[in-house]
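J.: Before anything else, here's the structure in question.
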Amino acid sequence: MQAALAGFALGLSLILAIGAQNAFVLRQGIRREHVGAVVAICALSDAALILAGVAGFGALTRAVPGLETVMRLLGAAFLAFYGARTLLSAWRGGERLEPAEGTGSLRKVVLTCLAFTWLNPHVYLDTVVLLGAVSAQYADRTAFALGAMTASFAFFTTLGYGARALAPVFARPVAWRALDLLIGLTMWAIAASLLLG
């Protein structure tokens with residue numbers, strides 16, 4: 001259970017970051033346009049990448065002694081940087097949701113969603129490298145992976161289908177600032193746990 005909760009917490013904190021993919025899901029949800037397809041693509045893609053990271057990283061750390069420690073330190077450095085960047089964004093403010101015009105066809109929405117998901121280099125760093133590295137600390141990597149996957153499914157479902165209710169909130173820059181502050185502090189806490197663990 002501890003591994004599953006850790007996977008859920010880290011997976012959720014990584015996915016909460018404001019970026020192109022989440023803004024796209026949020027906008028599609030606000031428009032109520034092909035939300036099911038968008039949520040499924042994002043969540044299933046994350047699940048596949050998390051599985052690859054947890055399974056592959058475990059095998060790799062057994063083959064290369066010391067790799068786990070190096071990756072844990074790199075993961076902590078990345079999280080510290082990412083947290084600092086997010087906290088800087090919270091301090092500066094100015095972010096807000098501005099829905100664009102409708103994207104139209106299901107085909108166009110699916111292709112756009114696939115591009116936001118698979119052409120984003122951060123998704124590989126977050127899911128394959130970082131989650132894979134952190135999972136190596138737990139005896140039950142499967143539970144860790146399932147926790148991270150559950151976070152992904154819960155997040156994308158909530159974001160996609162709950163977006164209509166969030167539209168007025170995220171039209172205000174203060175909401176983005178509060179979210180960035182929470183994300184930045186969470187990233188720093190996880191970085192500290194990697195360094196201490």
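No lab work stands behind these numbers, since they all come straight from the coordinates. These numbers come from a predicted model, not from an experiment. Glycine also receives a Cβ, built like all others from the backbone with ideal geometry; neighbour counts cover every protein chain displayed.
J.: For the chain, what is the relative contact order in percent, using Cα pairs closer than 8 Å and at least 6 residues apart in sequence? If you can, show how the numbers build up before the last one.
T.: Numbers: 263 pairs, mean separation 98.7, N = 197.
Value for the chain: 50 percent.
J.: Once each part is reduced to its C-alpha centroid, what is the distance from the stretch 1-77 to the stretch 110-175 in angstrom?
T.: 5
J.: Against the 2.2 N^0.38 Å scaling, with N counting residues, where does the stretch 120-197 land? I'd like the Cα-based Rg ratio to two decimal places.
T.: Compared with the compact-globule rule of thumb, the stretch 120-197 sits at 1.32.
J.: Moving on. With unit charges on the beta carbons (Lys and Arg positive, Asp and Glu negative) and the dipole taken about the Cα centre of the chain, which residue among A175, L10, A63 sits farthest to the positive side?
T.: Selected residue: A175.
J.: Hey, another quick one. Go through 170-182, 2-14 and give me the packing order, highest mean Cβ count within 10 Å leading.
T.: Order by mean packing, descending: 2-14, 170-182.
J.: What's the local net charge at A163, with K and R +1, D and E -1, over the other residues with C-beta under 12 Å away? Intermediate results must be reported in sequence, preceding the final value.
T.: Working: positive: R27, R31, R32, R164; negative: E33.
After counting each charged neighbour, the total is +3.
J.: How much net charge surrounds G7 when only the other residues with a Cβ under 15 Å from the Cβ of G7 are counted, with Lys and Arg +1 and Asp and Glu -1?
T.: Working: positive: R141; negative: D46, D126, D140.
Value of the local net charge: -2.
J.: For A145, what charge total do you get from the other residues with a beta carbon under 15 Å from its beta carbon, if Lys and Arg give +1 and Asp and Glu give -1?
T.: -2
J.: Taking square-rooted eigenvalues a ≥ b ≥ c of the alpha carbon gyration tensor, is the stretch 1-70 rounded, prolate or oblate, where a/c under 1.5 means rounded and, failing that, a/b exceeding b/c means prolate?
T.: It is prolate, given that a/c is not under 1.5 and a/b is the larger ratio.
J.: Right, next: With the cut-off at 31 Å, report for the chain the share of all Cα pairs above it, as a whole percent.
T.: Roughly 18 percent, rounded to a whole number.
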